[in-house]
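Q: Here you go, one structure.
The values are calculated or read from the model by the stated rules, or taken from the named source; none is laboratory data. What you see is a predicted model; the values in this text were computed from it and never measured. Here the Cβ positions follow ideal geometry from the backbone for every residue, glycine too, while neighbour counts run over all protein chains shown. Keep in mind that these areas ignore ligands, DNA and RNA; they rest on the heavy atoms of the full protein, side chains included. Shrake-Rupley method; radii C 1.70, N 1.55, O 1.52, S 1.80 Å.
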Amino acid sequence: MIDKADLARLLDYTVWANHRVMRGAALLSAAEFRRDLGSSHGGVRGTLVHMMGAEHIWLERWKGVSGARLFDEGEFKDVVALRDRWTVVEEHRAAWFKGLRKDAVQEEIHYRNLEGKAFEAPLFQLVQHVVNHSTYHRGQVVALLRILGSRGVTTDLAAFDRDPKARKKS
């Protein structure tokens, strides 16, 4: 059975991997960062903003608040602005997680999607979904970085587990 420690590992991994991708994006010019490459969310900026927005929306749902909106990529002129906002999302999630009861990971979360349709699922499944969603889009960002001539970055879960500096004490 999945427990709070398992979810802590996955959330720590997500932050670690997101930071690695952001460092790769920081090496791009502002024009490259904003360039629409025809990917599912345009380019590097659009995909990263989508990831951050989804992480924010799901955090709000876990806290019992439906109705949060996705961010507009135009709000982020460069990777620094995006990083600053994402740091706030990460800090809010860490504070929420720290206060989460151990048994709460099995509780049903009731939420509405962006169209207003009601759903429910156990918290642990929703956390896994968010981690998987970010992993999927990080792979797209790594491919976009390579298309733009940048070096790719490693974001594998196994690399996280092998990195002694990566694991926080959640």
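Q: Going by a ≥ b ≥ c, the root eigenvalues of the Cα gyration tensor, does the chain fall in the rounded group (a/c under 1.5), the prolate group (a/b larger than b/c) or the oblate group?
A: oblate
Q: Assuming 0.36 nm per residue, please report the length gained on full extension of the stretch ALA143 to LEU27 beyond their Cα-Cα distance.
A: My answer for the length gained is 40.3 nm.
Q: Number of Lys pairs in segment 1-154 with C-alpha atoms less than 26 angstrom apart, excluding same-chain neighbours closer than eight positions?
A: Close lysine pairs found across segment 1-154: 6.
Q: Something else about it: To the nearest 10 degrees, how steeply does helix 79-98 sit against the main Cα axis of the chain, on a 0 to 90 scale?
A: Orientation of helix 79-98: about 10 degrees from the principal axis.
Q: Taking θ = phi - 60°, what integer Hz values does the Karplus form 6.51 cos²θ - 1.76 cosθ + 1.60 yield along segment 25-38, in sequence order, with x for Gly and Pro?
A: 5, 5, 7, 7, 6, 4, 5, 5, 4, 8, 4, 7, 9, x
Q: How high is the relative contact order of segment 46-145, in percent, with contacts defined as C-alpha pairs under 8 Å that are six or more residues apart?
A: Over segment 46-145, the number comes to 34 percent.
Q: If I model a spin label at LYS77 and ASP36 as a point 7 Å from the Cα along the Cα→Cβ vector, what separation in nanometres do I get?
A: So the label points at LYS77 and ASP36 sit 2.1 nm apart.
Q: Need one word for segment 90-170: rounded, prolate or oblate. Basis is the Cα gyration tensor (sqrt eigenvalues a ≥ b ≥ c); a/c below 1.5 gives rounded, then a/b vs b/c decides.
A: Taking the square roots of the gyration eigenvalues as a ≥ b ≥ c, segment 90-170 is oblate.
Q: Also, quick follow-up: With a cut-off of 8 Å between alpha carbons and a minimum separation of six or more residues, what is the relative contact order of the chain in percent?
A: Relative contact order for the chain comes out at 36 percent.
Q: Would you list SER150, SER40, SER66 from the most to the least accessible area, probe 1.4 Å?
A: Of SER150, SER40, SER66, the descending order of accessible area is SER40, SER66, SER150.
Q: Given a 10 angstrom Cα cut-off, can you work out which residue in ILE109, ILE147, ILE57 is the most mobile in a GNM of the chain?
A: The residue that fluctuates most here is ILE147.
Q: Once you put a point 7 Å from the Cα of VAL88 and another 7 Å from the Cα of ALA68, both along the Cβ direction, what distance in nm separates them?
A: That separation, rounded to one decimal, is 1.2 nm.
Q: Right, something else. Tell me whether segment 49-97 comes out rounded, prolate or oblate; compute the Cα gyration tensor, take square roots of the eigenvalues as a ≥ b ≥ c, and use a/c under 1.5 as the rounded threshold.
A: Oblate.
Q: What value, in deg cm²/dmol to 500, does the helix sum -39500 (n - 2.57) over DSSP H runs of n ≥ 4 give at 222 nm once divided by the residues of the chain?
A: The helix contribution divided over the chain gives -19000 deg cm²/dmol.
Q: Could you identify which residue out of LEU70, LEU11, LEU48 has the top mean-square fluctuation in a GNM of the chain using Cα springs shorter than 10 Å?
A: Looking only at LEU70, LEU11, LEU48, the biggest GNM fluctuation is shown by LEU70.
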